[in-house]
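These notes concern the structure reproduced below.
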Amino acid sequence: MNESTSRPLRPSRLCVEPVSSRAEGSADVAVIGGGPAGLMAAEVLSAAGVGVEVCDAMPSVGRKFLLAGKGGMNITHGEAFERFLERYGARSAQLAPHLRAFDPAALRAWVHGLGIGTFVGSSGRVFPTDMKSAPLLRAWLHRLRERGVRFHVRHRWQGWDNDDLVFATPAGARRVRAGAVVLALGGASWPQLGSDGAWVATLAASDVDIAPLRPANCGFDVGWSEGFAARFAGEPVKSVVARVLTTDGATLQRQGEFTITASGIEGGLIYALSAPLRDAIERKGHSELVLDLAPGRTEQQLAAALARPRGRDSMANHLRKRTGITGVKVGLLRELLPAEVFTAPLRLATSIKALPLHLIAPRPIAEAISTAGGVRFEALDEYLMLRARPGVFCAGEMLDWEAPTGGYLLTACLATGRAAAFGALAWLGRG
């Protein structure tokens, strides 16, 4: 987007008041949602000298951001930008201008400006030096407050009454009148942290085109036998290659590890392949993940090793000695293959290299790391403004895009929050 392009000036007064009384105080823009996209919108707006009120339904802002950083705060990715852009799949073209304007290098520079160092890990992922999200959020909120950004927590957005925004608060209903609004309400994953997707019905009532919300970066149900689930739930399956067919017939392949759950599978390797797996289930009622349990060996090598006499060894010991396959991997073979395969070395070798795992359903969206679907880009102009609601801009995970974990989610949330803020500035004639 052209950040210098301006739009017609609109009334720039924002008032927060009880529904039954007259307004007091004013500002320019209401930002609804205190996650990364909303906070980045407040960052850009306040830097331009615009009065900003951030309203969030939860008792504090940035709750999902904090939880996501507990295991190591992954802020972006250091791979080449064109490859980075490909991670956004079908919506990469729509996100491209916003990601180019705030690319991973710019994001790292912004983090450094908050006094937080970063480094690139061996996987290419970028982390804060101390691997934590809390120091980054504290520094960020301190700067926003110093710029005059005002935060209103426990303010749950209820929609519009004519042109007024209406919130439910502990003190009762409150109205907000704003010159511009940035909606950064998240998707529907982790609703206990505030993103519950309740905004979908509100925007749909305003004729906003919304793609159905679906789980992304999610686990899947398999339907294990009771014995397998009881023995292996919680066990990691390490050093495997997984393959899945995409809708266009291409093979998507990743190497890594995943975890057995009581009902199925989850973990980084599964999240990376979750979009085509979910899409196949929606089309056919099931999907197939093909596992290579021995990536370092060929089928021929495995067949030759398995053909050697077993003697008094159990099949588990034979597999361990001849192929290095133990534990949960043996359990998977036992769970998924008929007994006669274990007496045929070539068939067993083929299965070890291409073990079909049938998935029957994605886990519920509330358990997913992120959400697919949301406000379609076709419902927005180039400034991320709703065509059906002039002066209202959308950002972050509530937009119709998805990406794998690895820093891609946070980068796009920040980039679209920034873009929506520049759109609001243009709308107010301040761009």
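The values are calculated or read from the model by the stated rules, or taken from the named source; none is laboratory data. On a predicted model such as this, the values are computed, not experimentally measured, just so you know. Don't worry about glycine lacking a Cβ; one is built from the backbone with ideal geometry, like all the others, and counts go over all protein chains shown. Areas reflect the complete protein model, heavy atoms only, side chains present, ligands, DNA and RNA absent. Shrake-Rupley method; radii C 1.70, N 1.55, O 1.52, S 1.80 Å.
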Filter pass, Phe232 being touching a residue at least 40 places away in the same chain (Cβ under 8 Å) and more than 24 Å from Ser60 (Cα to Cα)
yes
Ala361 fails exactly one of (1) farther than 21 Å from Arg231 by Cα; (2) among the small types (Gly, Ala, Ser); (3) surrounded by fewer than 14 Cβ atoms within 10 Å (Cβ to Cβ), namely (3)
Single match in Ala201, Ala230 (criterion: outside any strand (DSSP E or B), out of contact with any strand residue (DSSP E or B) (no Cβ under 8 Å at 6 or more places or on another chain), open to solvent by 40 Å² or more (accessible area, probe 1.4 Å) and closer than 19 Å to Asp400 by Cβ)
Ala201
Hey, can you tell me all the residues within the stretch 362-380 that are closer than 12 Å to Tyr271 by Cβ and assigned to a loop (DSSP other than H, G, I, E, B)?
Arg363, Ala368, Ile369
Yes or no: the stretch 341-353 includes at least one residue that is assigned to a loop (DSSP other than H, G, I, E, B), open to solvent by less than 30 Å² (accessible area, probe 1.4 Å), within 24 Å of Leu410 (Cβ to Cβ) and not hydroxyl-bearing (Ser, Thr, Tyr).
no
Among (1) assigned to a loop (DSSP other than H, G, I, E, B); (2) surrounded by 20 or more Cβ atoms within 10 Å (Cβ to Cβ), the one test that Asp207 misses:
(2)
Sort out which residues of the stretch 235-270 are open to solvent by 10 Å² or more (accessible area, probe 1.4 Å), in contact (Cβ under 8 Å) with a residue 60 or more places away in the chain, more than 19 Å from Ile281 (Cα to Cα) and assigned to a strand (DSSP E or B), and write them in order of number.
Pro236
Conditions first: (1) more than 21 Å from Pro364 (Cβ to Cβ); (2) in contact (Cβ under 8 Å) with a residue 24 or more places away in the chain; (3) open to solvent by 40 Å² or more (accessible area, probe 1.4 Å); (4) in a helix (DSSP H, G or I). Glu288 passes all but one, so which condition is the exception?
(4)
Look through the stretch 303-340, keep the residues that are part of a helix (DSSP H, G or I) and acidic (Asp, Glu), and return whichever of them is nearest to Leu245 (Cα to Cα).
Glu335
From the residues in the stretch 407-431 that are more than 24 Å from the chain's Cα centre (by Cα) and open to solvent by 10 Å² or more (accessible area, probe 1.4 Å), which one is nearest to Phe377 (Cα to Cα)?
Trp427
